[in-house]
1. Which of the residues spanning the range 83-102 are under 14 Å from VAL70 (Cβ atoms) and in contact with a helix residue (DSSP H, G or I) (Cβ under 8 Å, 6 or more places away or on another chain)?
2. Looking at LYS61 and the list (1) more than 24 Å from the chain's Cα centre (by Cα); (2) surrounded by 15 or more Cβ atoms within 10 Å (Cβ to Cβ), which single condition is not satisfied?
3. Could you grab me the full set of residues in the range 64-94 that are β-branched (Val, Ile, Thr) and under 12 Å from THR104 (Cβ atoms)?
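Computed from the coordinates by the stated procedures, all read-outs in this text should not be read as laboratory data. Predicted model only: the values in this text are computed from it and were never measured. Cβ placement follows ideal geometry from the backbone for every residue including glycine, while neighbour counts extend to all protein chains displayed.
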Amino acid sequence: MFNLILSSDGSGSSNWMSYVLLAVLVVAIIAMLVISTRRNKKRQQEAEKLINAVKPGNKVKTIGGICGIVVEVDDEENTFVLETGSEASGKSYMKFDKQAIYQTDAVVEPDNSKEEKGKEESGHEGEEPFGDVSVDAEQTAGGTKAEEKAEESKDTTENS
């Protein structure tokens, strides 16, 4: 491939094709870098939200492998206190940086500000979404066609 780019036999058509090929490769590499950067940024934001969602009572496993229950969270210092052990063996309390969290059962609460804006704009907060749909005329007049057929078949079985 690079031989094609580097070799120029003097013909104009192969020369411009090599530049096009080179341009396509550069664009593909740049696109892959942009996509990769976006994915990594999204993962980092999700991890940060999960770490910030840790509250007292959540189970946590640290990067050192210590498992326990969060007792206290200090957002100013970005730390939490972890309770490990049991009543029989004795409980111990350790203070960790929030970045030491490897796994947790904490759940990130969804951002409701977008949903509230949508409800305020539409003005239909407590209404059912399909509450104003009209009912077919056949259903209000005397039932559906299936019900009528069932009644007819019942009448024919009674008469015979």
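1. Residues satisfying the conditions are LYS98, ILE101.
2. Single failed check for LYS61: (1).
3. Initial filter on the range 64-94 (β-branched (Val, Ile, Thr)): 66, 69-71, 73, 79, 81, 84.
Of everything in the range 64-94, those that are β-branched (Val, Ile, Thr) and under 12 Å from THR104 (Cβ atoms) turn out to be ILE69, VAL70, VAL73.
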